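Taking it in order: structure first as structure tokens, then the write-up.
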Amino acid sequence: MVGINEDYDKLEGGYLFPEIGRIVGKFLERNPGTNVLKLGIGNTSEPLTPAVIEGLERGVKNLADVKTYRGYGDEQGEKRLREAIANNYNHRGIELDVSEIFVSDGAKPDSANIQSIFGAGNIAVQDPSYPVYVDTNVIAGRTGKFNKVTSQYEDIIYMPCNVENNFFPDVPEEKADLIYLCNPNNPTGTVATKNQLKTFVDYAIENEAVIIYDAAYQAFITDPKLPRSIYEVPEAKDCAIEINSFSKSHGFTGVRLGWSVVPKDLVVENTEPGKVNSLWNRRQTTFFNGASNIAQEGGIAALSEKGLKESQGLVNYYLRNGEIIKEGVESLGLKAYGGAPYIWMETPDKMPSWEFFDKLLEESYVVGTPGAGFGPSGEGFFRLSPHGHREDIEKAVESIVYNLKL
Ligand SMILES: Cc1ncc(COP(=O)(O)O)c(C=O)c1O
């Protein structure tokens, strides 16, 4: 009889957001009809832009005509889309060959799957960070058990991000082999400088480590001096894989489209240049049959001049929502950080974050995300998401300001 993958049993609790959904469900059973205001999961709320809709419609119409109908496409993605992505990097002075770009159905699957092309090694993560990096390495068997006292998995290097280091970690003292960096970071909403990224590129080259760089929120970087891609740091192509998404920048959360960049220059122990790239190609062509051709037409449109301009409007909308949340929290005398796009607030009197979750729900009917769900250094913090209609954001902030008992 076949057994199960017992590494799944090492996972602590359920995945964060279903867990929150379960608690909110219980609250609604006790308080039927309550209008719960959601600043929890980072789900987009505003419609796709006209340019993207035109692209998606073109994709659908192509399927209606025998002359333009296409079935399976290249697993790596439509060449026109990969060229458009390469072109966008080129505007920031980064040269990529289309063979280094792999289109996918999103940054979550890519950031989950990328570890599968590497062997055993030490994992390092920002603490707090997007839970997918840790959980997928637990499932892959690269970690030990969860320690309930430290709230850490054994054999993972946690790199604390806190007020003292402006929420960007120091390079690890031990030797890390696979380093996950997310910039702007989810959940802190803070943005790294080029020098900060350079410390990791230097570390990775010196220690023959690989950086998995998640740039899903790069569109929320407003300061033109700050890097939007790790490849703005010289030599990053020798050590970094970049993962990106159309979800947050163009509203594709439900459409599903992303990409990863695996440079040919990237080498790991005992490999020649190009080997890691070819492994990811092998992985994708074996496990994945390509992103939807409709979504890819939408993606090509999103990266056109008109598409980019329109999507900037969406990004600005969420950024403004974030400012409204931050102003509300600060008006209560509480500290709030980030804004790209998440707001990372300190809980009152360092209250445990799950306790604050209950308090906010019970008193203000607002759902946020407990900082502890993103790693032990998230304890004492709370994430508020700016994704939502403006009137809902305003209602939620008003309810926090008037109803939260401090
Ligand atoms: C850091 C980070 N990466 C990736 C994703 C998911 O991106 P996608 O929708 O492209 O799968 C999210 C979604 O919240 C995220 O926060």
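The values are calculated or read from the model by the stated rules, or taken from the named source; none is laboratory data. Note that the structure is a prediction, hence the values are computed from the model and not measured. Positions of Cβ are generated from backbone atoms using ideal geometry, with glycine treated the same way; all protein chains shown enter the neighbour counts. What goes into the accessible areas is simple: the full protein's heavy atoms, side chains included, and nothing from ligands, DNA or RNA. Shrake-Rupley method; radii C 1.70, N 1.55, O 1.52, S 1.80 Å.
Structure above, values below:
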read-out	value
Unmet criterion (only one of (1) farther than 21 Å from Gly373 by Cβ; (2) in contact with a Lys or Arg (Cβ under 9 Å, 6 or more places away or on another chain)) for Ala192	(2)
Residues located in segment 246-280, provided they are among the small types (Gly, Ala, Ser) and more than 24 Å from the chain's Cα centre (by Cα)	Gly274, Ser278
Residue in segment 135-142 that is surrounded by 20 or more Cβ atoms within 10 Å (Cβ to Cβ), in a loop (DSSP other than H, G, I, E, B) and touching a Phe, Trp or Tyr at 6+ places or on another chain (Cβ under 7 Å) present	no
Some residue of segment 45-64 being in a loop (DSSP other than H, G, I, E, B) and more than 30 Å from Arg390 (Cβ to Cβ)	yes
Strands (runs of 3 or more DSSP E) wholly inside segment 251-348 that include at least 3 residues being over 25 Å from Tyr130 (Cα atoms), at pLDDT below 95 and away from the ligand (no atom under 16 Å from the Cβ)	none
Number of positions in segment 371-384 that are touching a Lys or Arg at 6+ places or on another chain (Cβ under 8 Å) and either buried (at least 24 other Cβ atoms within 10 Å of the Cβ) or outside any loop (DSSP other than H, G, I, E, B) (or both)	2
Top-ranked residue in segment 14-51 [being in contact with a Leu (Cβ under 9 Å, 6 or more places away or on another chain) and of a type in the set (S, T, N, Q); ranked as least open to solvent (accessible area, probe 1.4 Å)]	Thr49
Within segment 82-108, tally of residues that are open to solvent by 20 Å² or more (accessible area, probe 1.4 Å), assigned to a helix (DSSP H, G or I) and within 15 Å of the ligand (Cβ to nearest atom)	1
Of all residues making up segment 186-244, the number that are open to solvent by 10 Å² or more (accessible area, probe 1.4 Å), β-branched (Val, Ile, Thr) and more than 15 Å from the ligand (Cβ to nearest atom)	4
Residue check for Val367: among the β-branched types (Val, Ile, Thr) and either open to solvent by less than 20 Å² (accessible area, probe 1.4 Å) or touching a Pro at 6+ places or on another chain (Cβ under 7 Å) (or both)	yes
